[in-house]
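Participant: There's a structure below that I have some questions on.
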Amino acid sequence: MCSHYEAPSPGQLALAFGVEPIEQAKLDLWPGYFGPFVRGAAKRDDPEDFDSAREVLSGSFGLIPGWSKDTKIARRCYNARSETAAVKPSFRNAWKNGQHCIIPAAAIYEPDWRSGKAIATRITRSDGEPMGIAGLWERWKNPSGEDVFSYSMLTINADQHSFMRNYHRAGDEKRMVVILPKGLYHDWLNASASESMEFMREYPADRMTAA
C-alpha cells in the first residue's frame, strides 16, 4: 500500500498528461497533503481532442467521502482496495459513479523488509516517465460550503508480481498500486463504473525499478 509518493514537477505533469501546468506547493506527498490529480473535464469543446478532455485539480491525498464530518478520514483512505471499493462506505459512491482519476507520480515509496528492517525504497518507471496511477476522486463540502476535492489510489494483490512481491513485511499480503499504461489514460477517465475492474491489472515488472 502506498502512503508516500512524489508528484512530478508542473512541467513534467503537463507534458506527460496533456493538461495545463498547475502550481504545486509540495512534491513530496503523504496522506492529508494536497497534490494534483487528473480527471475528465466537465466541459469538452471537442470530444475528439483528448488533451482538452482532461483537467488537473488539486486535492487531498486520501479520499474524503461526502458524509464525513471532517478531513481526518483522509489519513486512512489514501489507498482503496479494488476488490472491495464498490462496497466500502468510504469509496462506494466514487466507485458507483465512475469517478475515475489519474494520480501523477514521479516515484512511489515502499518498505523493503528483506534485510529484516523496513528500508524505504524509491520506485519509478524504468523509462523515467511519470507514473499514471489509477484512482478515485471525491468532492466534499467543508463547513464554509466550499468544495474540497480528494483522491485515493486503487490497489491490487501483488503476491505473484516478481518486483512488488519483494516489498512489505514478510507474511503480509503484497499489494501494489494500479499503474496505467499511457495508452489507457483516456479509456480509464471515460470508463463506466461497470468497466472499472477491467483496468485493475499489474504493471509489468520489467518496466519498474528501485532507485
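Derivation of every value follows stated rules applied to the coordinates shown; laboratory data play no part. Worth saying up front: this structure is predicted, and the values here are computed from it rather than measured. Heads up, the Cβs are rebuilt from the backbone with ideal geometry, glycines too, and the neighbour counts pull from every protein chain shown.
Participant: Does the range 193-207 include one or more residues that are assigned to a strand (DSSP E or B) and within 15 Å of the chain's Cα centre (by Cα)?
Facilitator: Checked the range 193-207: no residue is assigned to a strand (DSSP E or B) and within 15 Å of the chain's Cα centre (by Cα).
Participant: Could you check the range 148-162 and list, in sequence order, the residues that are part of a loop (DSSP other than H, G, I, E, B), touching a residue at least 12 places away in the same chain (Cβ under 8 Å) and either surrounded by fewer than 19 Cβ atoms within 10 Å (Cβ to Cβ) or of a type in the set (Lys, Arg) (or both)? Break it down into steps so the answer makes sense when it comes.
Facilitator: Going through the range 148-162, the residues part of a loop (DSSP other than H, G, I, E, B) turn out to be 158-162.
Applying the additional criterion that residues be touching a residue at least 12 places away in the same chain (Cβ under 8 Å) yields 158-159, 161-162.
Of everything in the range 148-162, those that are part of a loop (DSSP other than H, G, I, E, B), touching a residue at least 12 places away in the same chain (Cβ under 8 Å) and either surrounded by fewer than 19 Cβ atoms within 10 Å (Cβ to Cβ) or of a type in the set (Lys, Arg) (or both) turn out to be 159, 162.
Participant: Pairs under 6 Å by beta carbon, first residue under 14 Å from residue 104 (Cβ atoms) in the range 172-190, partner in a helix (DSSP H, G or I), six or more apart or different chains?
Facilitator: Within 6 Å, the pairs are 180/188; 188/199.
Participant: Which one of the conditions (1) in a loop (DSSP other than H, G, I, E, B); (2) closer than 21 Å to residue 81 by Cα; (3) of a type in the set (Asp, Glu) does residue 110 fail to meet, given that it meets all the rest?
Facilitator: Unmet for residue 110, out of (1) in a loop (DSSP other than H, G, I, E, B); (2) closer than 21 Å to residue 81 by Cα; (3) of a type in the set (Asp, Glu): (1).
Participant: Looking at the range 13-45, which of its residues are closer than 15 Å to residue 133 by Cα and assigned to a helix (DSSP H, G or I)?
Facilitator: 13, 16, 17
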